[in-house]
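One structure is given here, and the rest of the page talks about it.
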Amino acid sequence: MLQNFFILCSGSDASILKTCSEGEQNKYAGIGATVFFTAVMAFIASSYALYTVFDTIFTAIFFGLIWGLLIFNLDRFIVSTIKKRNSFSSEFLQATPRIILAVIIAVVISKPLEMKIFEKEINQVLLEQKNEMTLANKQQLAQQYTPVVEKLNQDIVGLKSEITTQEVETNALYDTYITEAEGTAGTMLLGKGPVYAEKREKHDAALAELNLLKETNAQKIAGIETQIAALNGEYAEVVKNSQPIIDGFDGLMARINALSELPWFPSFFIFLLFLAIETSPIIAKLLAPKGEYDLKLEDEENTLKTWVTQKMLQREKILATDTNLNEKIYSEIEEEEAVYAYKKQKAEELLKLQADAFHDLQVKSL
């Protein structure tokens, strides 16, 4: 039963193969087994690849099964259409398009399995890429907020500088009226005279302005700091919202690109393994000598071809004979006077009817 199933997978004619030897049947059962297990590997590979896309196991299995059946049908078609000929060059020329298709199928099958085999290494590459993307994302977003925050900080520095400048001026006025009172500067008179009162009045006015400036600038600084805190909070929120996109950067294309950054040698040999599996039925049929099955299949095809050729020749003969008979019959009819007279009578009646119809039409139009 298992042998019959693998013979079915090989695409060979089971009715012809049953009349062949046991060794011939085993050969084609082996070819069919290769086709079957290649389809199984295609199913596993595509299911894993689709799982990385959909993140749903049932969807991945469903489409993976469809892909596996497609690969099975293609492989079965490729193997079944390669027929043994008397010339190896003609056989190889016949198999070349199928070998190219087998290479493409091998690439499609091997890549998802390579991603599964090197999953840990790919995850490490993706982690490094995600870290780089996170830093780049923060820097890119910071370019939108940093200039505004820096300008606000400069405004704070400017407001504080105004206070400092006013404090220096106020302290200078304080030293002026104190030294005036001590007699160490100004009028050089000890005591609180009119000049002292004047300088004390200037200091008190400057001190009042300083206090007012401190209060006003403190309110402005508090408002600017609130804006800075809001911008920093907005920046942190934008970074937080964009981080899940970076964390989700592990799709099929990302993993394929990460796989390409790994050393090519192991990946290349895995590809060669699947290429050997995929092309082994074709190569086996090319290298194997013409066997019993091939001879019987060729005999049956030649028998059918001969029968079809005979039928075509018979139809051509029938057509030629019928054509000759028709020509002879109609040539004899052409010479009969009775047929001529009858044909003439009917033509005259037809012309009269046409003339009457044209006359009636002209009368109606008038």
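When the residues of the stretch 57-112 are filtered to those that are charged (D, E, K, R) and modelled with pLDDT of 75 or more, which remaining residue is farthest from GLY291 (Cα to Cα)? Across the stretch 57-112, the extreme among qualifying residues is LYS111. Would you confirm whether any residue within the stretch 9-17 is over 36 Å from the mean Cα position of the chain (by Cα) and assigned to a loop (DSSP other than H, G, I, E, B)? Yes, the conditions are met somewhere in the stretch 9-17.
For the stretch 280-289, the set of residues classified as modelled with pLDDT under 75 and over 14 Å from TYR28 (Cβ atoms) consists of LEU286, LEU287, PRO289, listed by residue number.
Exactly one residue out of THR279, THR309 is free of Cβ contacts under 8 Å to residues at least 12 places away in the same chain and either under 30 Å from ILE71 (Cα atoms) or in a helix (DSSP H, G or I) (or both), and it is THR309.
Only one entry of GLU349, GLU327, GLU298 meets the criterion of being under 30 Å from SER89 (Cα atoms) and of a type in the set (D, E, K, R), and that entry is GLU298. Report whether or not TYR235 is among the aromatic types (Phe, Trp, Tyr), closer than 30 Å to SER161 by Cβ and either within 52 Å of the chain's Cα centre (by Cα) or surrounded by 11 or more Cβ atoms within 10 Å (Cβ to Cβ) (or both). In short, yes. Among the residues here, PHE269 qualifies as part of a helix (DSSP H, G or I), at pLDDT 80 or above, of a type in the set (Phe, Trp, Tyr) and not assigned by TED's automatic domain parsing to the domain that holds LEU159.
Whether any residue in the stretch 258-266 is among the hydrophobic types (A, V, I, L, M, F, W, C), closer than 30 Å to ARG98 by Cβ, surrounded by 13 or more Cβ atoms within 10 Å (Cβ to Cβ) and in contact (Cβ under 8 Å) with a residue 40 or more places away in the chain is what I want to check. Within the stretch 258-266, one or more residues are among the hydrophobic types (A, V, I, L, M, F, W, C), closer than 30 Å to ARG98 by Cβ, surrounded by 13 or more Cβ atoms within 10 Å (Cβ to Cβ) and in contact (Cβ under 8 Å) with a residue 40 or more places away in the chain. Give me the pairs: first residue in the stretch 145-158 and touching a residue at least 12 places away in the same chain (Cβ under 8 Å), second residue in a helix (DSSP H, G or I) and not β-branched (Val, Ile, Thr), beta-carbon distance under 7 Å, and six or more apart or on different chains, which are they? Sorted first by the residue in the stretch 145-158, then by its partner, the pairs are TYR145/LEU231; TYR145/TYR235; VAL148/LEU231; VAL149/LEU231; LEU152/GLN227. Quick one: would you say ILE44 is hydrophobic (A, V, I, L, M, F, W, C), buried (at least 18 other Cβ atoms within 10 Å of the Cβ) and modelled with pLDDT of 80 or more? Considered against the rule, which asks whether it is hydrophobic (A, V, I, L, M, F, W, C), buried (at least 18 other Cβ atoms within 10 Å of the Cβ) and modelled with pLDDT of 80 or more, ILE44 comes out as no. Of all the listed residues (THR134, THR176, THR170, THR146), the sole one being among the hydroxyl-bearing types (Ser, Thr, Tyr), modelled with pLDDT of 80 or more and within 30 Å of ASN217 (Cα to Cα) is THR146. Being closer than 30 Å to ALA29 by Cα and in the same structural domain as VAL35 (by TED's automatic domain parsing) is the requirement here; does LEU297 meet it? It is false that LEU297 is closer than 30 Å to ALA29 by Cα and in the same structural domain as VAL35 (by TED's automatic domain parsing). The residues of the stretch 69-110 that are surrounded by 15 or more Cβ atoms within 10 Å (Cβ to Cβ) and of a type in the set (Phe, Trp, Tyr) amount to a single one, PHE72. Selection of the stretch 253-294 for residues being aromatic (Phe, Trp, Tyr) and within 24 Å of the chain's Cα centre (by Cα) yields TRP264, PHE268, PHE271, PHE274. Contact annotation: residue pairs with Cβ atoms under 7 Å, 6 or more positions apart or on different chains, pairing a residue in the stretch 67-84 that is in contact (Cβ under 8 Å) with a residue 60 or more places away in the chain and assigned to a loop (DSSP other than H, G, I, E, B) with a partner that is surrounded by 18 or more Cβ atoms within 10 Å (Cβ to Cβ) and among the β-branched types (Val, Ile, Thr), are ILE82/ILE282.
The values are calculated or read from the model by the stated rules, or taken from the named source; none is laboratory data. It should be emphasised that the depicted structure is a prediction, and the values quoted were computed from it without experimental measurement. Don't worry about glycine lacking a Cβ; one is built from the backbone with ideal geometry, like all the others, and counts go over all protein chains shown.
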